[in-house]
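Notes follow once the structure below has been shown.
The values are calculated or read from the model by the stated rules, or taken from the named source; none is laboratory data. Computed from a prediction, not measured in an experiment: that's the story for all the values here. Neighbour counts are summed over all protein chains in view; Cβ atoms, including those assigned to glycine, are modelled from backbone coordinates with ideal geometry. Remember, those area values only see protein heavy atoms, side chains included, never the ligands or the DNA or RNA. Shrake-Rupley method; radii C 1.70, N 1.55, O 1.52, S 1.80 Å.
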Amino acid sequence: GHKVTVDELLAGLAVASGNDAALALAYKISGSTKAFVDRMNYEVMALGLEKTHFVEPSGYSEKNVTTARELAEFCRIYINTFPESLEKYHSRTEISYPLQKNLPSWQQDKGDSFSVYQKNTNPLLGKMEGCDGLKTGFIYESGYNLALTAQRKNVRFLSVTMKGPGSGSKEGNFYRVKDGTLLMEWAFSSFKDYFPFEHL
């Protein structure tokens, strides 16, 4: 009986890795998970991501496949196409659900008492300068993964780490932070934009 907006479902996906939100969106958009997955695969092929293939929409199956390079390319396209998504969803540090407005009429008097608070799964938000996304992932078959982005001044970098080690989320996040920080700090200290026409 809950009433949930698409905006709330997208926030649930971005902040708390809501697998149930992925399924709800798939049904809403395409009528079934199979039809939605067909559309997902059509879209990645149209983007030229030939090594990426999906079997379900939540990312929970080990039969979903991609490469670090193709995931980074997908993230680049996503950020360039929907730049507002970083502030609106991916940089949010927390989410609470359900709120009173989501409850059916017979539970409205409970207010927000059913609400569950969840922190963003990205451990570098608020810790790394300029970090505003993007997404973590974990299943046993692929380990601890992180698609990370940060912007300082007008320069943005993306990194993708996959198959991260860890015997539990505490250790997995330790290596996400360590590897993500190492890659980003190296990128920001090693590369600089060069505009040749400014030197003529």
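Structure notes:
- Selection within region 153-168 - open to solvent by less than 40 Å² (accessible area, probe 1.4 Å), touching a helix residue (DSSP H, G or I) at 6+ places or on another chain (Cβ under 8 Å) and not hydrophobic (A, V, I, L, M, F, W, C): S159, T161, G164, G166
- The listed residue being among the acidic types (D, E) and surrounded by 14 or more Cβ atoms within 10 Å (Cβ to Cβ), out of E56, E62: E56
- Residue within region 83-94 that is in contact (Cβ under 8 Å) with a residue 40 or more places away in the chain, in contact with a Lys or Arg (Cβ under 8 Å, 6 or more places away or on another chain), open to solvent by less than 40 Å² (accessible area, probe 1.4 Å) and of a type outside the set (A, V, I, L, M, F, W, C) present: yes
- Test: residue in region 46-63 that is β-branched (V, I, T) and in contact with a helix residue (DSSP H, G or I) (Cβ under 7 Å, 6 or more places away or on another chain): yes
- When residues in region 169-200 are screened for being open to solvent by 50 Å² or more (accessible area, probe 1.4 Å), among the charged types (D, E, K, R) and outside any loop (DSSP other than H, G, I, E, B), 6 of them pass.
- The sole residue among L146, L125 that is of a type in the set (A, V, I, L, M, F, W, C), in contact with a helix residue (DSSP H, G or I) (Cβ under 8 Å, 6 or more places away or on another chain) and closer than 24 Å to N80 by Cα is L146.
- Residue count for region 102-126, restricted to those that are farther than 30 Å from K170 by Cα and either surrounded by 13 or more Cβ atoms within 10 Å (Cβ to Cβ) or polar (S, T, N, Q) (or both): 5
- Taken over region 2-45, residues that are in contact (Cβ under 8 Å) with a residue 40 or more places away in the chain and outside any helix (DSSP H, G or I) amount to 4.
- For T149, the criteria (1) among the hydroxyl-bearing types (S, T, Y); (2) open to solvent by less than 20 Å² (accessible area, probe 1.4 Å); (3) more than 20 Å from E73 (Cα to Cα) hold in every case but one, which is (3).
- For region 10-33, a residue qualifies if it is open to solvent by 30 Å² or more (accessible area, probe 1.4 Å) and out of contact with any strand residue (DSSP E or B) (no Cβ under 9 Å at 6 or more places or on another chain), and the qualifying residues are L10, N19, D20, L23, A24, Y27, K28, I29, S30, G31, S32, T33.
- The criterion of at least 3 residues that are more than 22 Å from T5 (Cα to Cα) is met, among strands (runs of 3 or more DSSP E) falling completely within region 46-145, by 131-139.
- Residue that is surrounded by the most Cβ atoms within 10 Å (Cβ to Cβ) [pool: residues in region 127-144 that are of a type in the set (A, V, I, L, M) and at pLDDT 95 or above]: L134
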